[in-house]
Every structure is written in structure tokens, then in C-alpha cells.
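What follows is a set of notes on a single structure, which appears directly below.
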Amino acid sequence: MSGTRMQSWVRAMGMASALGPLVPGCAAFRARLTRSTPAPEFETFFPGDERPGTVAVFAAGAATYGFSGVGRLVALLVETLVDLGSREELEQLNPGTGLYLALPDPETRGFTTGKEPSDEDPPDAARRVALLAERVVRGAWDALRLPGWKGPLRSFHGGNAAFAQALAAAEEDLRTRQTQAGLVCAVDSLVSTRTLELLNAEGQLKTAARPVGLMAGEAGVALLLVRPPPASTETPEPRVLVRDVVLGMEPNLPGTGRPSDGRAITQFALAALGRLLPGEPLPVLVLDHDGRPYRGHEWGMLLLHLSTLDPRFRDCRTWLPADGFGATGAASGGVGTAVALQALQRGYSRTPSLLVLSSSDTGERAAIHLAVAPSRAG
């Protein structure tokens, strides 16, 4: 288990999703609105059906329509950076800014990083994702007519925990003064036809004949991380700090046939939260449960362990972004962070901090603790 302790400031954030950009998207999620559509060019046919059916997906609309593979991720990142650019001048980012990009392994999504479908990718997942990161960044910056990215670029592919991994790396580079700021991004899409076919073949997709499973979504997130300004500095919105990011591994992988007992994610959540003082409000838990049974078992065990340790957790509020945005894979931790950020800045979380928890199918686990900075004295 590893964690970071320097508290960094989330200066700006952008998002692209089925519910729209950051502000209206999070408002729609809070209002429990959904915007699913039938998956184009994907059919299911089960015994007893008179005609083929399809599944509902949470697509980002016109932003990604007609794109697939690398191009779809580029389109998501472009839309995300446009939203971020409404709050932060991307052209003004210092050359000392690092770029930390969380992405899916293209092999798990059914495409390659090559320009031709016949192009083969490296056998190593880290190298595949590094190549994908280069193509996605180059494509997005070209589409936005921005100068090519000159700063350091690092890629991450730890499934649902990938965004937290990228955020932790950005914090560490800020702490050691290797960078002056961190642009932490994540993009993923599960809604393309090839990806839906893979998910359906693996029994992970929710269909008419399989009432439990995930509903595919897609999203992009971008977060600008900097050192906190002096307490006397005026900011237009409450400052939200990353209090801690804790990373670790779950020893009981779903692939073993045994669902997780929830002890690992409980340990990481408590480590990120730190010591709770008597009477201190509990954080809201932002979970990435997506409808699959073994994921539901882990979160149920998490809540059981937490309430055993502190009975107040029996009344702890939990939010499930997948209910509004669909399952968003490597971007899910970023979507959860966006929901938490808006809740803290707009004051409707009814608690000064939130915990964003992520679980990857390959065992990676993560906890992100976000909190409003204390008000300045006087």
C-alpha cells in the first residue's frame, strides 16, 4: 500500500460524458437524470426472441459519433480539453507542467494503436498503452490546433484505478518539484461495437437475458493540479484539495472465482481518510460499482467492515456515478472525482470531504480523499 501526503489544489477540471461537460453533467447526475441510447450496430439474439435486440449505452453523443478505436479516445480528450479550456488557458500551461494520462489497454477494447487494423501492437501492455498515449495526445493537440505537447508525458493503465495512479504520480512529481503543475487526464470508451462484443462474450454486459452486468459508457476527464496558493489568496470558488491518494492491490482477484472480501479496499479507504475525530462528519463514498455481481459483493463487504469499525458508517451516504454515466473504465476514477469536486465546490455534499474509491478487475485498488480547504482566518 502506498499513499501521498502533500495536499495539492485542484485548480480546474473539465469533462466529457453522456450527460455533458463538467457542470451540467454533474448537475444532471445529482438530479438522477440519465441519457442512454440503443447501441448502434450491435445486436443480441437469445432463444425465444422473435427479433434481434440491442443494449443501452451511455455515449457522449455527437462528440464521438462515427469514431472508433484511437479516434474515439482522441475525440473524447478533445471534448474534455475544450471544457477545461473554458476555465484554464491551455496555451498558457507552463513547460514545467507534466501530463499524466490514464487509458485502457487497447487489447481489452478490441483495437490496436496502429494506423491500420492489421498493424500489430507490442505484447507488453505498458508499451501498448504508451504508444496509445502518444497517438491520443498528438491527435488531440492537432485537433485543437495547439503546439505539440513539450512537457513530460506519462501513461497509466491500471483499469478503474488508472486515474488514481496518474493522480498519485502527479502529486509525487509536484512534491519533489520535478514539475510545476500536473495535467491529469483519463479517457475510455466501452461503447464501440467491438468492445460490446467482447464484454458480451465474457458475460459482463447487462442484456435482456442477463439482468446483472455493466452498462457501457464513455467519458473523458482532465484535472489541473497545482500547489495550494497562500491562504490569503482569493479564489472564485472554494478550494478543493487532494488530501491523500492511497494505492494498493487486492489479493483475492475476481479471476480466482472468489469474490473479494472487501478487506483490502476498506484498509485503503481508511488510510486515505486518516483519523476521524469524535463528532467529525463522515465522508460521502463515491464508488465505482457498475452492476456486476462480484463488484457488488466487494462494496457490500466494504460497507460491512466500515460499519463494524465505526457504527456511524451504517448511515454513510454512497454515490454511484455509473448509474448516470455508465461504466467508464479507466476514466471512472476521474468521473467520480468530478462528481466529488462539484459537490464540494457547490456545497451539496453536506460533508467537508469525499472518498473516491476504485477497484480494477486485475487487482489494483485506490482511494482518493478530496476535501475543501479550511477557511482563512479573519
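Data for the structure
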quantity: Förster radius 35 Å - calculated FRET efficiency between GLN180 and THR351, Cβ distance, rounded to 0.05; calculated: 0.65
quantity: In order through region 149-162: 3J(HN,Hα) via Karplus (6.51 cos²θ - 1.76 cosθ + 1.60), integer Hz, x for Gly, Pro; calculated: 5, 9, x, x, 10, 10, 10, 9, 9, x, x, 4, 8, 4
quantity: Where N is the number of residues in region 53-107, Cα Rg divided by 2.2 N^0.38 Å; calculated: 1.44
quantity: Given (1) 67, 47, 43; (2) 70, 53, 38; (3) 56, 49, 42, the label whose value is Cα extents along the principal axes in Å derived from this model; calculated: (2)
quantity: Karplus-derived HN-Hα couplings along region 98-103 (A = 6.51, B = -1.76, C = 1.60, θ = phi - 60°), whole Hz, x at Gly and Pro; calculated: x, 10, 10, 10, 8, 9
quantity: Burial order of peptide ranges 8-19, 281-292, 124-135 (average beta-carbon count within 10 Å, highest first); calculated: 8-19, 281-292, 124-135
quantity: Distance between modelled label sites at GLU280 and ARG30, nm, 7 Å Cα→Cβ extension; calculated: 2.5 nm
quantity: Where only alpha carbons of region 308-356 are counted, the Rg and the Dmax (Å); calculated: 12.3, 33
quantity: Kirkwood-based shape ratio for region 107-225, expressed as Rg/Rh from alpha carbons; calculated: 1.02
quantity: Additional length obtainable on full extension of the chain from ARG227 to LEU146, 0.36 nm per residue less Cα span; calculated: 26.7 nm
quantity: Calculated from backbone phi, Karplus (6.51, -1.76, 1.60) coupling profile of region 210-219 in Hz, x at Gly/Pro; calculated: 10, x, 10, x, 8, 10, 5, x, 8, 6
quantity: Under 5 Å, built H, 5+ apart or other chain: amide partners of ASP188; calculated: ALA219, ALA331
quantity: Per residue accessible area of region 329-375, 1.4 Å probe, in Å²; calculated: 24 Å²
quantity: Over the chain, relative contact order from alpha-carbon pairs under 8 Å, at least 6 apart, %; calculated: 24 percent
quantity: For THR44, distant residues with modelled amide H under 5 Å away; calculated: GLY53, THR54
quantity: Radius of gyration and maximum dimension Dmax of region 235-349, Cα, Å; calculated: 14.9, 50
quantity: Within the chain, helix-based [θ] at 222 nm, where runs of 4 or more DSSP H residues each add -39,500 (n - 2.57), nearest 500; calculated: -9500 deg cm²/dmol
quantity: Extension reserve of the GLN267-GLU107 stretch, reckoned as 0.36 nm per residue once the Cα distance is removed; calculated: 54.5 nm
quantity: Accessible surface of the chain, 1.4 Å probe, proportion on carbon and sulfur as whole %; calculated: 52 percent
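The values are calculated or read from the model by the stated rules, or taken from the named source; none is laboratory data. This one's a predicted model, so the numbers in the text were calculated from it and none came from an experiment. All Cβ positions, even for glycine, are placed from backbone atoms using ideal geometry, and neighbour counts span all protein chains on display. The area values use the complete protein model at the heavy-atom level, side chains included, leaving out ligands, DNA and RNA. Shrake-Rupley method; radii C 1.70, N 1.55, O 1.52, S 1.80 Å.
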